[in-house]
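See below for the structure under consideration.
The values are calculated or read from the model by the stated rules, or taken from the named source; none is laboratory data. Note that this is a predicted model, so its numbers are computed, not measured. FYI the Cβ positions are ideal-geometry reconstructions off the backbone, even for glycines, and counts take in every protein chain you see. Protein only, heavy atoms only, side chains kept; ligands, DNA and RNA dropped before computing areas. Shrake-Rupley method; radii C 1.70, N 1.55, O 1.52, S 1.80 Å.
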Amino acid sequence: MDYKELVDVYNELDKTTKRLEKTEILSEFLKKIPKNDLQSIIYLVEGRIFPEWDERKIGFSSRSMIKAISVASGESESKVESLFNKKGDLGLVTEEVMTNKKQRTLRSKKLVVKDVIENTRKLAELEGKGTVNRKIGLVTELLGNSNAEEAKYIVKTVLENLRVGVSAGIVRDAIAKAFKVEVSKVEKAGDYIADYGEVAVLAKEKRLKGILLKPGRPFKLMLALPAENIEKAFKDLGETIQFEEKLDGFRMTVHYNGKEYNLFTRRLENVTKQFPDIIEIVKKHIKGKSYIIDCEAVGYDKETKKYLPFQNISQRIKRKHNIEETARKFPVELNVFDVIFYNGKNLMNNPLKERRELLEKIIKKEKRKIVLTKKLVTGNEKEVEKFFNQALEKGMEGLMVKNYEGSYKPGRYVKGWMKLKNVLEPLDCVIVGAEWGNGKRAGLLTSYRIAIKHGDEFEEIGKVSTGIKEKEANLTYWKLTQMLKPLIVKGSGKGKEVKVKPKIIIEVAYEEVQRSPTYSSGWALRFPRVLRLREDKSLRELSDLDLVKRIHNSQKKK
Ligand code: AMP
């Protein structure tokens, strides 16, 4: 299919903010797409080039993009850069310079979707020295074969900044509508295989039923809604609940298909290579011909054997070198809380009670290697309070609250699992701006403008500068500055403030939420402080406006 056809749809999608209209536009388009292009086009509409579960990133810098635009358009790099400083969006810059293109080089061929996907995928795959120029060449080739409008979208796609407002929900509904299948079936398939591209193809061919949960292939994990208090939790989840200690580690699923082991994070990144120690543990301690186990991996101090907060071990997740040594330095204990697949059978629809009983049978526990999460099954509020306080004394974040008879619902925030924390639920916010410091802190970004999400938009909710250390800590001003600098939107500065591309997510605690005309969300946080980086979360998982409103309501009742 010609890329032009997709570009027309991008334009149409861009024109409306209405969800139903977007769904209609997309579903009409999906009907027309030939089977061979369908999977790729779903990714491109979602603003990605790989399925959701695939951790590869394009990783093409604005600097390289300026070069590619310059070559493709015949404009000087400095002109492209100065336009970028003015407009703050390289997509728009490209459209402008390609429209005014000086020498009209002959397009060597018409741009088709397949070329866009193939070239951009190579960007993610090429590694090592000397590949920068090859990558720039690949992008230049695409731009050279594009008209101004196509080039705009190529640039946005390559910079992973498409933003035509197509959420996963719209993709799901459009697939259902286009291929006349129930929305719930499409959603279920999406949860199982975390790949709406493939789901679309299966829906078109009426093969959705055949989707199976398979060890080795990540699926979306079950997630928890905040519970206001114990009483409300019983109201929401029934008379008997399984309460578990909520540990401060990171989510990990262990997959074993009878031959190989795979480990996935909550964001479905494959981290098998980074955790050879865990593979050793599960080999010895879990019985079974095949399985998928859901756990929290918690770091502990090698000497004292005490649990460590997540930040201390977070570096293990991205490690590429010295893996064995890092594993020895920062050991983790697996705290298992669920089994979703066992000996060839999908257990998602079995009640938690049964899944937990099975776990007891198949896991040989050993402290600081592999244990089951500590649990209390009860209908008695007093008992829960005691368990909750004990957990807090032990340094836990609070309790997980689970429907004892409930099934495992992948990918959804439903009232099957809830979390009960002591303080007002911290918010996961994205940094959208920052301010340069003065004096001792000159050259460092020290105050951060933060936003939550509302639909597909980010809405500001305040500024935060406390909670971060000057030095010698996991999260320092220096570290955040290094992370934010490449994200600064050129030319966006007013005085000491800069805008940054929304990417870095931080968890923010506060005393209260209050209404405020100052920020676009209409809300502000009183006494905000940064708790930690949330590199494990994606932008889709930011706290949203509804949560803020709920927190405000619960505050009033106190
Ligand atoms: P949150 O990150 O605040 O949304 O809380 C949900 C996360 O808590 C899960 O994704 C797990 O990583 C973590 N967690 C800690 N202990 C448990 C537990 N006992 N059961 C389920 N999740 C847990």
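List of remarks:
- Per residue, the convex hull spanned by the Cα atoms of the stretch 427-557 amounts to 110 cubic angstrom.
- Normalised convex hull volume, the chain, alpha-carbon set, Å³ per residue: 169
- Residue 337 sits with roughly 20 Å² accessible to a 1.4 Å probe, with DNA, RNA and ligands left out of the calculation.
- From the largest down, the stretch 223-421 spans 49, 39, 28 angstrom on the principal axes of its Cα atoms.
- Full extension of the segment from residue 541 to residue 232, taken as 0.36 nm per residue of separation minus the current Cα-Cα distance, would add 108.9 nm.
- Modelled spin-label separation between residue 529 and residue 329, with each label point placed 7 Å from Cα along the Cα-to-Cβ direction: 2.8 nm.
- Estimated FRET transfer efficiency (residue 550, residue 132; beta-carbon r; R0 41 Å; 0.05): 0.30
- Compared with the rule-of-thumb size 2.2 N^0.38 Å for a compact globular protein, the stretch 92-209 has a Cα radius of gyration ratio of 1.34.
- Using a cut-off of 24 Å between Cα atoms, the listed pairs 440/485; 18/232; 35/259; 320/440; 32/122 include 18/232; 35/259; 320/440; 32/122 as exceeding that distance.
- A Cβ-based charge dipole, computed about the Cα centre of the chain with Lys and Arg at +1 and Asp and Glu at -1, lands at about 820 debye.
- Greater than 27 Å apart at Cα, pairs in 79/463; 15/152; 306/469: 79/463
- Ranked from largest to smallest solvent-accessible area, with a 1.4 Å probe on the protein heavy atoms, 453, 367, 469 come out as 367, 469, 453.
- Calculated [222 nm] ellipticity per residue, helices only, for the chain: -11500 deg cm²/dmol; basis is -39500 (n - 2.57) per DSSP H run with n ≥ 4, divided by all residues, nearest 500.
- On the beta carbon distance between residue 306 and residue 273, with R0 = 35 Å, the FRET formula returns roughly 0.80.
- Mean Cβ count within 10 Å, highest first, over the residues of peptides 456-462, 534-540, 188-194: 188-194, 456-462, 534-540
- Surface accessible to a 1.4 Å probe, residue 356 within the full protein complex, Å²: 10
- Kirkwood hydrodynamic radius (C-alpha pairs) into Stokes-Einstein, the stretch 3-158, 25 °C and 0.890 mPa s, D in µm²/s: 151
- Separation of the stretch 169-186 from the stretch 1-63 is 15 Å, based on Cα centroids.
- Taking the accessible area of the stretch 296-337, probe 1.4 Å, and keeping the other protein chains in place, the carbon and sulfur fraction comes to 50%.
- Average accessible surface area per residue within the stretch 223-421, 1.4 Å rolling probe, Å²: 47
- Carbon and sulfur %, accessible surface of the stretch 427-557 computed with the full protein complex present, 1.4 Å: 49
- Largest first, the three principal axis extents of the alpha carbons in the stretch 27-100 are 42, 29, 20 Å in whole numbers.
- Both the radius of gyration and Dmax for the stretch 386-486 are 18.6, 59 Å, in that order, over alpha-carbon atoms.
- Ordering of 278-284, 4-10, 38-44 by burial proxy (mean other Cβ atoms within 10 Å per residue, highest first): 38-44, 4-10, 278-284
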